[in-house]
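Working notes, structure below.
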Amino acid sequence: MRDMEDDFLPQGLQLLENTRDLSKNISTFTYENLAFAGKLRSNVFYKFYQQTVTSKEPYQVTANPPLYDLNRIRKDEQYHGYGGAFSYALRPRLYILGSVERAIRFPNEREIFGSPADAINPGNVQPEQSLNANIGVNLGRFNWAGVHHFRLNSSLFFRDTQGMIRQAITTGNSGTSYYENLEDVLSRGIDAELIYDYRDRFNFTLNFSKFDVLFNTRYNKEGAEYLYYRQQIRNEPSFKLNATFSYQFPNFLQTADRMLVHFHTAFVEGFLRNWSNVGLNHLDQIPTQLSNDLGFVYTFPGQKVSFSADLKNMFNRQRFDNFGLQKPGRAFYSKIVYNF
């Protein structure tokens, strides 16, 4: 529940209850089966989605005398989802995996009610409905010489989404935005992850995603064809790569303590702020980004107290969000954690 309070509002408005409530419930039934001596694991599932949104919004009825009332809104929604997944062991360390699901994503409180601190206004958004399919392979964990360990995961994915929830691109000088539903959006691509460990001290993780997110509605409500049908939607990168290196030093300063040093790098290929056929030779492009982070975690003996420090964007490179707004530059963070 979100309550609102503003001492600068007229007393008549302050006396009225201004609340916004969001409740969500997902019930699931799953059946799992093992076959072929346990090599094939499959399951089918059913999901029942429920969401209730209620709000009481004060408004002014008359100006003189000033009278106020509450606009009471309630929205109940129910949806059904279903799907199946399987994994098959071709070899002891080689698995094929796949899944298909009809899924629902309800909007969250930020997308429905907005966020004044972030200049986000309330939006009239509906749940996303999507058909999702994945197929992939898992390799490992492989051991070499007893000290080297490898794992590789990769998958192809397909998403056909109706009403994808996205932050709207606004015009003018209002400085505010809101969330809206796009029409049909088709996403397809590949994810891959490589993990290498040495003696449980050194770890290297590399993952990348290459994907297309295409506007997949051909005609609008009036029957006219969209100019950007089957084009990459605006403000959406199509290639990302991340790599993390970490090394753990046991007994670093004293017996039974631990020091973990880590380095992270992130790459985002440049992408367009608008549709690719808007602007001709003067496309509004968000540049390629590369940022690097360095940090450590020191855990005292007994494992109850730890101290960490992180240097984000250590080379002070320019970074942007999906709308081209520049993110903060170099920053330093530290914290102490005590576990009871």
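The values are calculated or read from the model by the stated rules, or taken from the named source; none is laboratory data. Just so it is clear, the model here is predicted, and its values are computed rather than measured. Positions of Cβ are backbone-derived with ideal geometry, glycine not excepted, and every protein chain shown enters the neighbour counts. To get the accessible areas, we keep the full protein, side chains included, count just its heavy atoms, and leave off ligands, DNA and RNA. Shrake-Rupley method; radii C 1.70, N 1.55, O 1.52, S 1.80 Å.
Numbers below:
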| item | result |
| --- | --- |
| Enumeration of residues in the stretch 25-57 that are surrounded by 14 or more Cβ atoms within 10 Å (Cβ to Cβ) and touching a Ser or Thr at 6+ places or on another chain (Cβ under 6 Å) | Arg41, Asn43, Phe45, Lys47, Phe48, Thr52, Lys56 |
| Sole exception among (1) under 23 Å from Gln167 (Cβ atoms); (2) open to solvent by less than 30 Å² (accessible area, probe 1.4 Å); (3) modelled with pLDDT of 95 or more; (4) not aliphatic (A, V, I, L, M) for Gly295, by number | (1) |
| Filter result (in contact (Cβ under 8 Å) with a residue 24 or more places away in the chain and closer than 29 Å to Tyr178 by Cβ) within the stretch 314-340 | Gln318, Arg319, Phe320, Asn322, Phe323, Gly324 |
| Residues located in the stretch 283-301, provided they are among the charged types (D, E, K, R) and within 26 Å of Lys335 (Cβ to Cβ) | Asp293 |
| Some residue of the stretch 167-184 being more than 22 Å from Phe106 (Cβ to Cβ), open to solvent by 60 Å² or more (accessible area, probe 1.4 Å) and either charged (D, E, K, R) or modelled with pLDDT of 90 or more (or both) | no |
| The stretch 58-68 - residue that is open to solvent by less than 80 Å² (accessible area, probe 1.4 Å) and in a strand (DSSP E or B) and, of those, nearest to His80 (Cα to Cα) | Pro58 |
| Those residues of the stretch 289-322 which are within 30 Å of Ile233 (Cβ to Cβ) and either among the aliphatic types (A, V, I, L, M) or touching a strand residue (DSSP E or B) at 6+ places or on another chain (Cβ under 7 Å) (or both), in sequence order | Gln289, Leu290, Ser291, Asn292, Asp293, Lys312, Asn313, Arg317, Gln318, Arg319, Phe320 |
| Residue under evaluation Ala85, criteria (1) touching a Lys or Arg at 6+ places or on another chain (Cβ under 8 Å); (2) aliphatic (A, V, I, L, M); (3) under 29 Å from Arg151 (Cα atoms), criterion not met | (1) |
| Residues that are open to solvent by 50 Å² or more (accessible area, probe 1.4 Å) and under 28 Å from Leu186 (Cα atoms), drawn from the stretch 240-268 | Lys240, Leu241, Phe267 |
| Count - residues of the stretch 49-87 that are β-branched (Val, Ile, Thr), at pLDDT below 85 and in contact with a strand residue (DSSP E or B) (Cβ under 8 Å, 6 or more places away or on another chain) | 2 |
| Every pair of residues 6+ apart whose Cβ atoms lie under 7 Å, when the first sits in the stretch 107-118 and is under 20 Å from Thr161 (Cα atoms) and open to solvent by less than 20 Å² (accessible area, probe 1.4 Å) while the second is in a loop (DSSP other than H, G, I, E, B) and modelled with pLDDT under 90 | Glu111/Gly123 |
| Residue count, the stretch 88-111 (criterion: among the charged types (D, E, K, R) and out of contact with any strand residue (DSSP E or B) (no Cβ under 6 Å at 6 or more places or on another chain)) | 2 |
| Pairs where the first residue, in the stretch 144-157, is surrounded by fewer than 17 Cβ atoms within 10 Å (Cβ to Cβ) and the second is hydroxyl-bearing (Ser, Thr, Tyr), C-beta under 9 Å, 6+ apart | Val147/Tyr198; His148/Tyr196; His148/Tyr198; Phe150/Tyr196; Arg151/Tyr196 |
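Per-residue answers, yes or no, for (1) among the β-branched types (Val, Ile, Thr); (2) within 19 Å of Glu236 (Cα to Cα); (3) open to solvent by 50 Å² or more (accessible area, probe 1.4 Å):
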{"position": "Val125", "(1), (2), (3)": "yes, no, no"}
{"position": "Leu131", "(1), (2), (3)": "no, no, yes"}
{"position": "Asn138", "(1), (2), (3)": "no, no, yes"}
{"position": "Arg188", "(1), (2), (3)": "no, yes, yes"}
{"position": "Val213", "(1), (2), (3)": "yes, yes, no"}
{"position": "Asn216", "(1), (2), (3)": "no, yes, no"}
